[in-house]
Ligand SMILES: Nc1ncnc2c1ncn2[C@@H]1O[C@H](COP(=O)(O)OP(=O)(O)O)[C@@H](O)[C@H]1O
Ligand SMILES: [Mg+2]
């Protein structure tokens, strides 16, 4: 197993956001975490990459315990995160955004990353080669010198994924990569996710609301609801699982009620 989560719990005041969650991610797979709004999906990601510290339980990556480690250390071990809301430097070019992601995986962090220009070390030349490979892979050549803020939403999401890939991860955590996208952008992103998994051989842990994407891409799916794990299985098993259907019916009822 690449990632193993056991009995993970975290509470915020009165809310138990995760209740003894256990699941594992196998090397090479695309594993999706789904569940209605507020189920605990983003919180789970925040625990895995060290932004939140779980109250109890265990997380190990390549058989090495990581719970309690700092986010930058976890990133260096090979877990990269693309965020649900785009977190890019909007005034900086695509190229510089990707270069600075590499920088933050280097020793001196963001400050040094901002100073990378003009330096000419072997490390930076290698880093630049890797970044150029990612730019080609994600078909960002035409916009590499453009400020990220000037790009379409779909392209910004792709750059956000590129930033995570620039850290050279073994495991990519990606939170709602197609949210807010039109159907063409969604298809493109799904294709890139598959390519990242198959060609770059990066294992993916995906949180996604768009069920078509989850069904098409996932090898396995874990379902959360109100902080509990309610199911795990293949996309087909999940699609016909009574508790899962019930959880989503509850959600659409909430939507109707709030309209
Ligand atoms: N930093 C926080 N402080 C307080 N409550 C939080 C915090 N982060 C998440 N929560 C709560 O944890 C629950 C799960 O949230 P979240 O993980 O964002 O859900 P999801 O991503 O599945 O929609 C929600 O009830 C949310 O309000
Ligand atoms: Mg979320």
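Given Cα pairs under 8 Å that are at least 6 residues apart, what percent is the relative contact order of the chain?
Details: 447 pairs, mean separation 69.7, N = 259.
Computed over the chain, the figure is 27 percent.
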**Item:** Inter-site label distance for residue 194 and residue 248 at 7 Å from Cα along Cβ, in nm
**Value:** 2.0 nm
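Based on the Cβ-Cβ distance of residue 27 and residue 129, what FRET efficiency does E = 1/(1 + (r/R0)^6) give at R0 = 30 Å, to the nearest 0.05?
Numbers: r = 25 Å, r/R0 = 0.84.
Computed FRET efficiency for residue 27 and residue 129 comes out at 0.75.
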**Request:** Compute the semi-axes of the equivalent ellipsoid of the stretch 32-74, taking the square root of 5 times each eigenvalue of the Cα gyration tensor, and list them largest first in whole Å.
**Result:** 20, 11, 10
**Message:** Please report the spacing between the Cα centers of the stretch 140-198 and the stretch 15-41 in Å, no decimals.
**Reply:** 22 Å
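So how many Å³ per residue does the convex hull of the Cα atoms of the chain work out to?
Working: hull volume 35.8 nm³, N = 259.
Convex hull of Cα atoms, per residue: 138 Å³.
Need the full-extension length gain, residue 136 to residue 6, defined as separation in residues times 0.36 nm minus the C-alpha distance. One decimal, nm.
Residue separation times 0.36 nm, minus the Cα-Cα distance, leaves 43.0 nm.
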**Complete:** Scoring the stretch 144-217 by relative contact order with C-alpha pairs under 8 Å, at least six apart, yields a percentage of 34 percent
**Prompt:** Taking the Cα atoms only, what angle lies between the long axis of helix 183-198 and the longest principal axis of the chain, rounded to 10 degrees?
**Reply:** 80 degrees
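Average the reciprocal distances over every distinct pair of alpha-carbons in the stretch 132-259, invert the result, and give the Kirkwood radius in Å. Let's see the in-between values first.
Working: mean 1/r = 0.0615 Å⁻¹.
Answer for the stretch 132-259: a Kirkwood hydrodynamic radius of 16.3 Å.
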**Request:** Extending each Cα 7 Å along its Cβ direction at residue 215 and residue 183, get the distance between those two points in nm, one decimal.
**Result:** 1.4 nm
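Sort 203-209, 214-220, 61-67 by packing, meaning the average of other beta carbons within 10 Å per residue, with the highest value first. It would help to have the intermediate numbers written out before the result.
Working: 203-209: 22.3, 214-220: 18.0, 61-67: 14.9.
Going by the mean number of other Cβ atoms within 10 Å, highest first, we get 203-209, 214-220, 61-67.
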**Prompt:** Mean separation of Cα pairs under 8 Å and 6+ residues apart, divided by the residue count of the stretch 1-86: what relative contact order is that in percent?
**Reply:** 32 percent
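What number, rounded to the nearest 500 deg cm²/dmol, is the helix-based mean residue ellipticity at 222 nm of the chain, given -39500 (n - 2.57) per DSSP H run of at least four residues and division by all its residues?
Values: 10 runs with 107 residues, N = 259.
For the chain, the value works out to -12500 deg cm²/dmol.
Quick note: the coordinates plus some simple rules give every number you see, no bench work behind them. Computed from a predicted model, the values in this text were never measured in an experiment. FYI the Cβ positions are ideal-geometry reconstructions off the backbone, even for glycines, and counts take in every protein chain you see.
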